[in-house]
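Quick notes on the structure that follows.
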Amino acid sequence: MFEYLCIRINSYNYYFMLKELLRPPNLLSLSRILLTPFVGYYLSLDNSQATIICIALLMVAALTDGLDGYLARRLNQVSRLGIALDPIADKIFAGVLVILLVLYRDLPLWLAFIIIGRDLLIICAGFLLLKDKKMVVPSNLTGKYAFAAVAFLLGSYVIRFSFGIHLTTYLALVFIVASIVNYFMVFVKIRKTNQIPVFQDKPLYKSMRIGFNLLFLFIFFFQLWKSYY
């Protein structure tokens, strides 16, 4: 009787096996949503100890974001529900955090609208593909970079790190635009060919990304260390 989870979109019902929801990778995705009220509580306290706890919760959320996909592949538990749940959990967590930062850390409303608007746009496009093509599109590389940039941006607001706010605001805007363009191209291609494009990574591009990541992390954390010491 309760073997399936039903998601209704317009007049269509989509069924997922309920036991898939209880798999470790999917439980990790759900845990990000469950962390949001605790993050909100400690943000509202607005003291140094609460900020440290809040950062710890954000790190736990980031860890689950990396682990859920790894475990799904490692345990051979990749499912259509998991593919959909992972980015949805990311967007719910990020969306709630954005609203909390507007309330408690003076995050600009225009930036909040851009971050949440991009997520809503992608969710709506995903539902259209699920309805018309019965396809669930996994996160792509530009989307992951956009999420990471937004995560560093929001983290900078949490700890009131002014250099990080300025640096990651520009990066987040660049990756948000790039992810929207990329997702639009994927959306159009799926509508035309009924196939999800396969990303072909190249060693040169991978090396350049690693170099960019290391440079960014060095600059960010070096400036963070300087601001406290």
- Note on the structure: The local net charge around Ala62, scoring Lys/Arg +1 and Asp/Glu -1 for residues other than Ala62 whose Cβ lies under 14 Å from its Cβ, equals -2
- Message: Rg/Rh for region 23-198 to two decimals, with Rh computed the Kirkwood way over all alpha-carbon pairs.
- Response: 0.98
- How much net charge surrounds Lys91 when only the other residues with a Cβ under 12 Å from the Cβ of Lys91 are counted, with Lys and Arg +1 and Asp and Glu -1? -2
- Calculated FRET efficiency, Asp46 and Gln195, Cβ-Cβ r, R0 45 Å, to nearest 0.05? 0.35
- Query: How much length is gained on full extension from Leu120 to Lys202, taking 0.36 nm per residue of separation minus their Cα-Cα distance?
  - Reply: 26.4 nm
- Message: Students often get this wrong, so check it: of Lys144/Lys192; Lys91/Lys226; Lys144/Lys202, which have C-alpha atoms separated by over 27 Å?
- Response: Lys91/Lys226
- Stretch Tyr170-Arg74 to full length: gain in nm at 0.36 nm per residue minus the Cα-Cα span? 31.0 nm
- Item | Given charges at beta-carbon only (K, R positive; D, E negative), |dipole| of region 23-198 in Debye | 740 debye
- Note on the structure: Cβ-Cβ cut-off under 13 Å around Ile180, Lys and Arg +1, Asp and Glu -1: the net charge is 0
- Message: Please arrange Leu120, Leu30 by how many other C-beta atoms lie within 10 Å of their C-beta, fewest to most.
- Response: Leu120, Leu30
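Give, in nm to one decimal, the length gained when the segment between Ile99 and Tyr229 is fully stretched (0.36 nm per residue of separation minus the Cα-Cα distance).
Full extension of this stretch gives 43.7 nm more.
Taken together, the values in this text are just the output of simple stated rules run on the coordinates, not laboratory data. The shown structure was predicted, so the numbers you read here are calculated from the model rather than taken from an experiment. In this analysis, Cβ positions are derived from the backbone assuming ideal geometry, glycine residues included, and neighbour counts consider all displayed protein chains.
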